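**Q** What follows is a structure written as structure tokens; I'll ask about it next.
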Amino acid sequence: MPRLFVAIDVPEDQRLALQALYDESLPARWTPLEQLHLTLRFIGDVPDATAALLEQTLATIQADAFSLRLRGFDVFPSRRKPRVLFAALQAPPALFALQQDIEDAVVSLNLAPEDKPFHPHVTVARLKNARPQAVRGFLRTHQDFALPPFTAEAFHLYESQLAPSGSVYTRLASVRLR
């Protein structure tokens with residue numbers, strides 16, 4: 001059973017800019033360069049037949065391309081107990097509309113609806129027992145972080161295979177935005 005998610009890729013120049021900020025003094029598992037992306041919907045394990053139907057259903061989504069901008073950093077679930085460090089996004093209403101279309105497509109196949117509100121971000125690190133004050137220091141140091149806007153021209157269906165060295169992502173399908 002494939003483990004699936006839908007995402008927008010971050011352009012390489014922006015991924016390199018994020019990677020340049022990786023701070024080895026923070027106890028973290030930093031996201032590999034090729035895996036930096038904006039998750040629109042994590043789906044999880046689905047039967048092969050459902051994965052094929054999902055590809056077909058996602059291909060029917062029609063939306064316009066739009067601009068996104070990486071700006072600032074923050075953490076989940078809170079600054080007191082930081083577990084995930086992420087780059088925040090300035091996101092237009094078009095991103096939320098696209099995410100809702102994808103959510104509707106997933107639910108139309110009798111898959112469980114997402115139980116958390118959509119919070120656009122790019123995960124840059126999973127924190128391992130990081131001291132909150134060290135994380136706050138990183139956030140302060142990079143409080144003015146901002147990259148030029150980029151255009152989201154497509155979204156992709158990925159399979160994530162878990163491996164001892166970390167997840168391996170395989171793109172299964174792409175849907176171009178107008």
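**Q** Taking only segment 111-155 into account, find how many residues are in contact with a Lys or Arg (Cβ under 8 Å, 6 or more places away or on another chain), among the basic types (K, R) and either more than 22 Å from D9 (Cα to Cα) or free of Cβ contacts under 8 Å to residues at least 60 places away in the same chain (or both).
**A** Residues in segment 111-155 being in contact with a Lys or Arg (Cβ under 8 Å, 6 or more places away or on another chain), among the basic types (K, R) and either more than 22 Å from D9 (Cα to Cα) or free of Cβ contacts under 8 Å to residues at least 60 places away in the same chain (or both): 2 in total.
**Q** Looking at segment 63-103, which of the residues that are among the charged types (D, E, K, R) and closer than 30 Å to L139 by Cβ is surrounded by the fewest Cβ atoms within 10 Å (Cβ to Cβ)?
**A** Among those that are among the charged types (D, E, K, R) and closer than 30 Å to L139 by Cβ, it is R80.
**Q** Any chance segment 60-79 includes a residue that's modelled with pLDDT under 95 and touching a Leu at 6+ places or on another chain (Cβ under 7 Å)?
**A** Within segment 60-79, not a single residue is modelled with pLDDT under 95 and touching a Leu at 6+ places or on another chain (Cβ under 7 Å).
**Q** With the condition being closer than 22 Å to Q35 by Cβ and of a type in the set (S, T, N, Q), I'd like the strands (runs of 3 or more DSSP E) fully within segment 106-178 carrying at least 2 qualifying residues.
**A** 154-161, 168-176
**Q** Looking at segment 4-100, what strands (runs of 3 or more DSSP E) fall wholly within it and have at least 2 residues that are basic (K, R)?
**A** Answer list for segment 4-100: 66-77.
**Q** Pull out all pairs, ordered by first then second residue, where Cβ-Cβ is under 9 Å, the residues are six or more apart or on different chains, the first lies in segment 8-19 and is more than 12 Å from P149 (Cα to Cα), and the second is of a type in the set (K, R) and modelled with pLDDT of 95 or more.
**A** D9/R15; D9/R171
**Q** Would you check which residues across segment 19-62 are among the aliphatic types (A, V, I, L, M), in contact with a helix residue (DSSP H, G or I) (Cβ under 8 Å, 6 or more places away or on another chain) and buried (at least 18 other Cβ atoms within 10 Å of the Cβ) and list them?
**A** Scanning segment 19-62 gives L26, L36, L40, I43, V46, L54, L58.
The values are calculated or read from the model by the stated rules, or taken from the named source; none is laboratory data. These figures come from a predicted structure and were not determined experimentally. Because the Cβ atoms are built from the backbone with ideal geometry, glycine has one as well, and the counts that use them run over all protein chains shown.
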